[in-house]
Amino acid sequence: MTTPPHHPTRSPYLEGLRCIQCDERHPVADRPRGCPSCAARGRNSNLFCVYADAAPADQRYPYLEVPALGQGETPMLPVDGQPNVWVKNEAANPTGSHKDRFSAFATAHARACGYRGVVIGSSGNAGLSMAAYAAAAGLRCTVAGFDSLPDRVRSYLTGFGAEVRTFATDRERVALVEELAAAPDTLAVSNITHPVVGSSCFGIEGYKRISWEIADRAPEPVRHVILPSSRGDLAWGVHRGFAEVAEQRGLPVPRLHLVEPYPRLSAVLDGASLTDRFPGDFGRLSSIAGDGTTVQAHRAVTRSKGSAVVVSDAVADEWFSRLCRRGHVWERSSATVFAALDTLRARGRLTEGEPTVLIATSHLFKGF
Ligand SMILES: [Zn+2]
């Protein structure tokens, strides 16, 4: 067990932030609305951390110490009957999802900047993870969720010491996050804008380790990565990680294929605007719900020469049942990546035998 860092050390190599969309550089600061220049044009975009060229790979993270509850180094499992296909099991993280990697860095950032509390607009995997890591870091945590919050999840959140507030609509939920984050001692770690920006760029850096772990364990360079996606936090972090792997090891950057429950990013890739809203039915795929997409999701796909894949709730259900019968404990949104593999092969975008990793993002036993 590790004592939470009191003042996490910022990487001496962190030089600033850069806009994903317009490339403008900004000093290190909290910008929950993303790049100010892009926001002024109504074309919101997240930022990402940039490091000095001399930074070694293990110091290309904003903080060198983060709350450690055992996140990361998750297993990579071979898929039966599918040569060169593996599942990166992110459900093996402490609170059962990839979000723990984000929460570790977001709470380190909050501590380092002297915040006393964090507020997050999610009562799903992200809220649960943030509540645990805020507790580990000694921060207050407010979770803004929906009225449909299952009792068992509420009990986990309050068990971690979080204050839980629930609302009927997303608009009300975001309004609370915005209101609380107006206090100088409270940091918002989830999106508060439309068009959607995404989450804290300091937290997203935590996802880069997934790419390094995949590169370290795969017996040959991975060509495709398939992952569930809503607003592209994970996709952007994984893409940045692979870009660093490529630079350090001279390997190709794998194509990222983002799975969504109905066309949002797919619509943008077909010509719709990134600032549009895309209302639709996500069924029980609540972890990848939402009616907007983001610049970061779009760039993760276009820069990696990947694609977006739609997997409906009904198809996800079939795969979910099939995986459960094999003893796998992943939630429905994680089952979508298996269906997407079939779709990509049928489209000729991915051929059998090409090294491919599916990211299973979350554990089943949380009641979402
Ligand atoms: Zn910009």
**Asked** Summing Lys, Arg as +1 and Asp, Glu as -1, what charge do residues with Cβ under 14 Å from the Cβ of Gly42 carry, Gly42 excluded?
**Response** +3
**Item:** Cα gyration tensor, the range 69-206 - rounded (a/c under 1.5), prolate or oblate
**Value:** prolate
**Fill in**
Interchain or sequence-distant (5+) residues whose placed amide H lies within less than 5 Å of the amide H of Arg140 are Gly117, Val118
**Request:** Note down the magnitude of the dipole of the chain about its Cα centre, charges +1 on Lys and Arg C-beta and -1 on Asp and Glu C-beta and zero elsewhere, to the nearest 20 debye.
**Result:** 180
**Asked** Going highest first, how would you order 271-278, 91-98 by mean Cβ packing within 10 Å?
**Response** 91-98, 271-278
**Complete:** Amide H contacts under 5 Å for Phe167, restricted to residues at least 5 apart in sequence or on another chain and with H modeled in the peptide plane, are Gly145, Phe146, Asp147
**Item:** Length-normalised contact order for the range 100-198 - Cα pairs under 8 Å, 6+ apart - percent
**Value:** 30
**Phi-based couplings in Hz for the range 279-290 (Karplus 6.51, -1.76, 1.60; Gly and Pro marked x)** = x, x, 9, 9, x, 9, 8, 5, 5, 10, 6, x
**Asked** Which distance in Å, rounded to a whole number, links the C-alpha centroids of the range 275-295 and the range 310-368?
**Response** 18
**Prompt:** Mean separation of Cα pairs under 8 Å and 6+ residues apart, divided by the residue count of the chain: what relative contact order is that in percent?
**Reply:** 18
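Indicate the gyration tensor shape class of the chain (rounded, prolate or oblate), computed on the Cα atoms with a ≥ b ≥ c the square roots of the eigenvalues: a/c under 1.5 is rounded; otherwise a/b larger than b/c is prolate and the rest oblate. Each step should come with its number before you reach the end.
Numbers: a/c = 1.32, a/b = 1.19, b/c = 1.11.
Verdict is rounded for the chain.
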**Asked** Which residues' amide hydrogens lie under 5 Å from the amide hydrogen of Trp330, considering only partners 5 or more residues apart or on another chain, with H built in the peptide plane?
**Response** Leu364
**Item:** Cβ-based exposure ranking for Glu65, Glu318, Glu90, in which fewest neighbours within 10 Å come first
**Value:** Glu318, Glu65, Glu90
**Complete:** Set Lys88/Lys208; Lys99/Lys366; Lys99/Lys305, cut-off 18 Å on Cα-Cα distance; pairs above it are Lys99/Lys305
**Message:** Between Ala54 and Arg249, what's the calculated FRET efficiency when r is the beta-carbon distance and R0 is 22 Å? Round to 0.05.
**Reply:** 0.80
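What value, in deg cm²/dmol to 500, does the helix sum -39500 (n - 2.57) over DSSP H runs of n ≥ 4 give at 222 nm once divided by the residues of the chain?
-10500 deg cm²/dmol
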**Fill in**
Sequence order, the range 231-243: Karplus ³J(HN,Hα) from phi using 6.51 cos²θ - 1.76 cosθ + 1.60, θ = phi - 60°, Hz rounded, Gly and Pro as x, gives 10, x, 4, 5, 4, 5, x, 5, 5, 4, x, 5, 5
**Request:** Express the relative contact order of the range 1-141 as a whole percentage, based on alpha carbon pairs under 8 Å and six or more residues apart in sequence.
**Result:** 24
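Where does the charge balance sit around Ala137 when Lys and Arg score +1, Asp and Glu -1, over other residues with C-beta under 12 Å from its C-beta?
For residues surrounding Ala137, the net value is +2.
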**Asked** How large is ³J(HN,Hα), in whole Hz, for each residue of the range 245-253 in order, when computed from phi with the Karplus curve 6.51 cos²θ - 1.76 cosθ + 1.60 and θ = phi - 60°, using x for Gly and Pro?
**Response** 4, 4, 5, 6, 10, x, 9, x, 7
**Message:** Just to confirm a number: summing +1 for Lys and Arg and -1 for Asp and Glu over residues other than Gly16 whose beta-carbon lies under 11 angstrom from that of Gly16, what do you get?
**Reply:** 0
**Request:** Give me the number: length gained by fully extending Ala68 to Glu179, i.e. 0.36 nm times residue separation minus the C-alpha to C-alpha distance, one decimal in nm.
**Result:** 37.0 nm
**Request:** Find the centroid of the Cα atoms in the range 149-207 and in the range 66-124, then give the distance between the two in whole Å.
**Result:** 17
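Bear in mind that the values in this text are calculations on the coordinates, not laboratory data. Predicted model only: the values in this text are computed from it and were never measured. Note that we place each Cβ from the backbone using ideal geometry, even for glycine, and neighbour counts take in every protein chain shown.
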